[in-house]
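The structure under discussion appears below in the form of structure tokens.
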């Protein structure tokens, strides 16, 4: 699941080297934190959050296939 989010995020942004995904597992739940460059936040979130929601749906489908639950948080860069 981490690889899926990295692949999607790197495809969306201008600077793929700034994409970092942190995975935290807790039983059957997986929480992923996505961090991108400040300039690429708009591309990852999209207008009205549409891109972010689409990525979350894809993540949930991939997690359901493995019998897990997953969530994605997009972290604000410093």
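Every number here is computed from the coordinates shown, using simple stated rules; none is lab data. Because the structure is predicted, anything quoted here is derived from the model rather than measured. Neighbour counts run over all protein chains shown; Cβ positions are idealised from the backbone, glycine included.
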Please verify whether segment 56-76 includes one or more residues that are free of Cβ contacts under 8 Å to residues at least 24 places away in the same chain and touching a helix residue (DSSP H, G or I) at 6+ places or on another chain (Cβ under 7 Å).
no
For segment 7-32, name all the residues that are touching a residue at least 12 places away in the same chain (Cβ under 8 Å) and within 15 Å of residue 63 (Cβ to Cβ).
8, 21, 23, 28, 29, 30, 31, 32
